[in-house]
Amino acid sequence: MSNTSKILANRMTRLILVSTLLSAMMPLPAQLNTFPDLSYFKEQWQSAPHDVEIASVANLEDFVVDDKVELSLRAYLELVMSNHTDVQIQKLSVFESQNAIQSAFSPFDPNLTLNFNTNRSTNPSQDVLQGGSVVSSLRQNGGFSYRQTLQTGTNYQVSFTGVKNSSSSAFRTFNPSIQDSLQFSLTQPLLRNRGRGIQRIPILIAESRLDLTKAQVLQRVINIVAQAENLYWQVVSNRENLGVQRNNLELRRKFLERSQRELELGAISPLDIYQPEQNFATAQVGVTRARFRLQQAEDRVRRQIGADLHPDIRNLSLVLTESADPPVYVPTFEAEETIGKALRLRPEIEQRRRNLQIDDYSIKRNTNALRPDLSLTAAYSATGLGGNLFETSLLGGTAGNFIPGGVGDALDQLFQFRFPTYSMGLSLQLPVRNRRAAANLANSVISKKRNLFQLRSIEQEIRLAVLNAIAGVELSKAAMQQAAVALDFSRKRLDAEQKKYDLGVNTAFIVLDAQDDLVQSEADLLQESIGYRQAVVTLLQSTGELLQARGIRLSYD
């Protein structure tokens with residue numbers, strides 16, 4: 001090789017080494033702290049984070065008015081999202097999946113190894129050629145090695161080694177001798193594991209699992225919000241039912257007082273007073289039961305918003321501002337349009353799609369595992385020698401010239417690449433039969449087929465759930481309208497029967513029966529009105545738009 005060719009080769013080698021070192025120092029996107037940043041050392045030497053705390057319930061004080069907690073439905077759901085323990089637990093799953101993405105980058109993390117060793121020995125001489133009766137020697141070596149796998153599948157290693165040897169032997173030409181070496185090696189897969197498309201599969205799977213986890217969390221949060229809203233309406237229902245029972249008690253009390261006056265005047269028989277007294281006592285029991293059911297429902301609502309954890313708020317009265325009156329506007333839902341919306345928004349559909357995406361990545365990875373393993377290897381190394389040079393005769397008897405030297409001479413020879421070594425090769429691993437990889441590929445295909453069937457099944461279940469929810473809404477709407485008509489007739493009947501009783505046309509029993517019908521009609525209208533609202537919640541839950549309809553945004557801050 002000519003001198004010009006050698007110079008060009010040396011320059012190209014230097015350029016490759018410098019560019020490789022620069023690329024090695026560039027952090028990967030998923031790395032948080034890299035050497036030699038100060039934050040890197042803080043992270044390496046941080047104490048174990050045993051002291052983990054959770055935030056306390058918040059924003060409850062904003063809704064306290066006159067020693068009462070006043071909550072609209074929107075405010076209540078906002079508190080549920082911020083304070084409900086199960087919502088916070090679900091969000092932690094997303095953080096774990098985010099950490100899994102960072103972990104998936106770990107095969108591309110660079111590794112730097114530093115080493116230093118020293119060894120001193122003193123040995124008796126066994127013959128005259130050892131250069132003295134007693135030979136003392138000192139060997140010191142150190143260096144570093146930097147290794148990294150790139151996202152293309154390329155694995156490279158840069159290492160430097162320095163060795164210093166000194167001895168009392170008279171035959172040593174360099175004493176101490178310093179020998180430095182720089183090695184660069186590279187391995188590139190050509191068939192199996194070649195390219196970013198294969199190397200990044202674990203990262204892509206982790207990203208898909210993050211989306212899968214978010215869809216699962218969304219589904220669970222929708223269920224939590226639906227349950228919380230139903231509990232809200234249950235409190236409203238129990239509150240209004242308590243009012244109905246109190247009204248009933250008042251009617252019974254007035255009729256009992258009238259019957260008592262009639263008994264005093266001799267207008268009725270003493271035997272006729274027992275029925276009003278018994279009805280009044282029954283009405284008192286109804287008020288007590290209604291009050292107890294309201295208290296139980298309020299306790300469940302307090303848990304939903306975390307009020308049971310706040311010592312100053314847990315015992316305050318709840319005032320839910322939403323009305324139980326029948327809604328003025330009652331929308332109509334078209335079946336196919338609503339089903340199409342559900343198929344777009346339901347998180348279960350997104351979960352199956354992400355599973356199918358993961359199956360595709362698994363099929364690609366297992367197909368890659370069936371390929372032969374053909375790798376290209378290349379290596380380059382350079383050495384340099386320095387130290388104090390003693391020019392002696394062959395037998396070491398006469399001392400010659402002394403030329404001082406040191407580390408600088410060794411490094412100068414090293415980085416001038418005057419003593420290079422090159423190597424290149426191919427390595428082929430051809431599996432004659434790879435049953436495990438073939439079985440894994442077959443299982444990946446089966447998994448995708450299973451997820452396709454499950455996707456079809458979920459679509460059928462969603463369609464049926466939406467149809468049932470629409471039927472439930474329509475049924476509740478019709479029942480609510482009929483209950484309103486029945487209440488109107490019950491009021492008219494009670495008024496008529498009361499007038500007849502005043503005229504002496506009918507008996508007290510008929511008036512009491514009319515009062516029972518009125519109380520039952522009021523309770524029926526209340527039940528159907530609350531049932532309609534809960535049926536709408538079920539429909540929004542079945543279409544996956546409950547959070548959107550309630551103005552709730554699920555964030556992971």
Note to self: Report, in listed order, any pair from Lys477/Lys499; Lys68/Lys477; Lys364/Lys448; Lys214/Lys477; Lys214/Lys448; Lys91/Lys449 with a Cα-Cα distance greater than 23 Å.
What the structure shows: Lys477/Lys499; Lys68/Lys477; Lys214/Lys477; Lys91/Lys449
Next item on the list: Relative to the longest principal axis of the C-alpha atoms of the chain, give the angle of the C-alpha long axis of helix 3-25, reported between 0 and 90° and rounded to the nearest 10°.
Entry: 30 degrees
Margin query: For Cα pairs less than 8 Å apart in space and 6+ apart in sequence, what is the mean separation divided by the residue count of the chain, i.e. the relative contact order in percent?
Written below: 18 percent
Checklist line | Table column - 3J(HN,Hα) (Hz), segment 49-66, Karplus curve with 6.51, -1.76, 1.60, x for Gly and Pro | finding: x, 6, 7, 10, 10, 10, 6, 7, 5, 9, 6, 5, 4, 5, 10, 8, 10, 6
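Ser166: net charge of surrounding residues, Cβ under 12 Å, Lys/Arg +1, Asp/Glu -1, itself excluded? Walk me through the numbers on the way to the answer.
Working: positive: Arg120, Arg139, Lys164, Arg172; negative: none.
Within the 12 Å Cβ shell, the charges total +4.
With +1 on each Lys and Arg Cβ and -1 on each Asp and Glu Cβ, and nothing else charged, work out how big the dipole of the chain is about its Cα centre, in Debye to the nearest 20.
On the way: 60 positive and 57 negative charges, 699 e Å.
In debye, rounded to 20, the chain gives about 3360.
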Next item on the list: Return the label of the correct value of P(r) over Cα pairs in 20 Å bins from 0, in percent, as calculated from the structure shown, out of (i) 21, 50, 27, 2; (ii) 14, 18, 24, 14, 12, 15, 3; (iii) 14, 27, 23, 16, 11, 6, 2, 0.
Entry: (iii)
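What is the order of Met424, Met81, fewest Cβ neighbours within 10 Å to most? Write down the numbers at each step before the final one.
On the way: Met424 10, Met81 20.
If I rank by nearby Cβ atoms, fewest first, I get Met424, Met81.
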Next item on the list: Return one number: the angle in degrees, 0 to 90 and rounded to the nearest 10, between the long axis of the Cα atoms of helix 508-543 and the longest principal axis of the Cα atoms of the chain.
Entry: 20 degrees
Checklist line | Electrostatic dipole magnitude of segment 417-557 [Cβ: Lys, Arg +1; Asp, Glu -1; Cα centre; debye, to 20] | finding: 1920 debye
Checklist line | Angle between the chain longest axis and helix 347-369 axis [Cα atoms, degrees, rounded to 10] | finding: 20 degrees
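Quick note: the coordinates plus some simple rules give every number you see, no bench work behind them. What you see is a predicted model, and the numbers here were worked out from it, not measured in a lab. Cβ atoms come from the backbone with ideal geometry, glycine included; neighbour counts cover every protein chain shown.
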